[in-house]
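The values are calculated or read from the model by the stated rules, or taken from the named source; none is laboratory data. Everything quoted here is computed from the prediction, not taken from an experiment. Every residue, glycine among them, receives a Cβ derived from its backbone with ideal geometry; neighbour counts consider all protein chains shown. The protein model used for the area step is the full one, side chains on, heavy atoms only, and it has no ligands, DNA or RNA in it. Shrake-Rupley method; radii C 1.70, N 1.55, O 1.52, S 1.80 Å.
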Amino acid sequence: QVHLVESGGGLVQAGGSLTLSCAASKSIFSIDVMGWYRQAPGKQRELVAAITTGDNTNYADSVKGRFTISRDNAKNTAYLQMNSLKPEDSAVYYCKADRVYSSSGAMGDYWGQGTQVTVSS
């Protein structure tokens, strides 16, 4: 069983910063792509940022220049550093691992449980 454990969510004032972490199971051999998604009440879940094993990244236009995604492959952990936060960034943030591999082969894609980020004005 693959588990993604998120941490770092909370309440922050507009203009502040917050860093999210997503730690995958230690037994995982590798993950091709790790990404962060978010979903606000009444809205569709959307991609925020993603990063490949080669450290190629892509971001939603709404967060470019403010958010930074990174990963530690040795720890199977992804991070999302969020700066200059806006009330519009408030949402439940989800970590996703795409194309997870064990030592014996591909296992599939997995989602974290989500963590709440609330930005007050």
**Study point:** residue 43 - accessible surface, heavy atoms, 1.4 Å probe, Å² rounded to 10
**Key:** 120 Å²
Review point. Where is the GNM fluctuation largest for the chain (alpha-carbon springs, 10 angstrom cutoff): 16, 42, 105?
Key: 42
Check your understanding: Cα-based Rg (one decimal) and Dmax (whole number) for the stretch 1-64, in Å?
Key -> 13.7, 38
Revision key, fill the gap. For residue 67, the residues 5 or more places away or on another chain with a placed amide H closer than 5 Å to its own amide H are 83
**Study point:** Neighbourhood charge, 14 Å Cβ-Cβ cut-off, centred on residue 26 and excluding it, Lys, Arg +1 and Asp, Glu -1
**Key:** 0
Check your understanding: Which percentage, to the nearest 5, of the DSSP beta bridges contained in the chain is antiparallel?
Key -> 90 percent
Practice item. Measure off, as a whole percent, the carbon and sulfur share of the 1.4 Å-probe accessible area of the chain, all protein chains present. Key: 47 percent
Review point. What relative contact order, as a whole-number percentage, does the chain give when Cα pairs under 8 Å and 6 or more residues apart are counted?
Key: 36 percent
Practice item. Please get the size of the charge dipole for the chain, origin at its Cα centre, with Cβ charges of +1 on Lys and Arg and -1 on Asp and Glu, quoted in debye to the nearest 20. Key: 100 debye
Practice item. Eight or more residues apart or on different chains, and alpha-carbon atoms under 26 Å: count the Lys pairs in the chain matching that. Key: 10
Revision key, fill the gap. The chain -> Rg/Rh from Cα coords, Kirkwood Rh, value 0.98
Point to revise | Euclidean distance between Cα centres, the stretch 53-93 to the stretch 6-49, Å | key: 7 Å
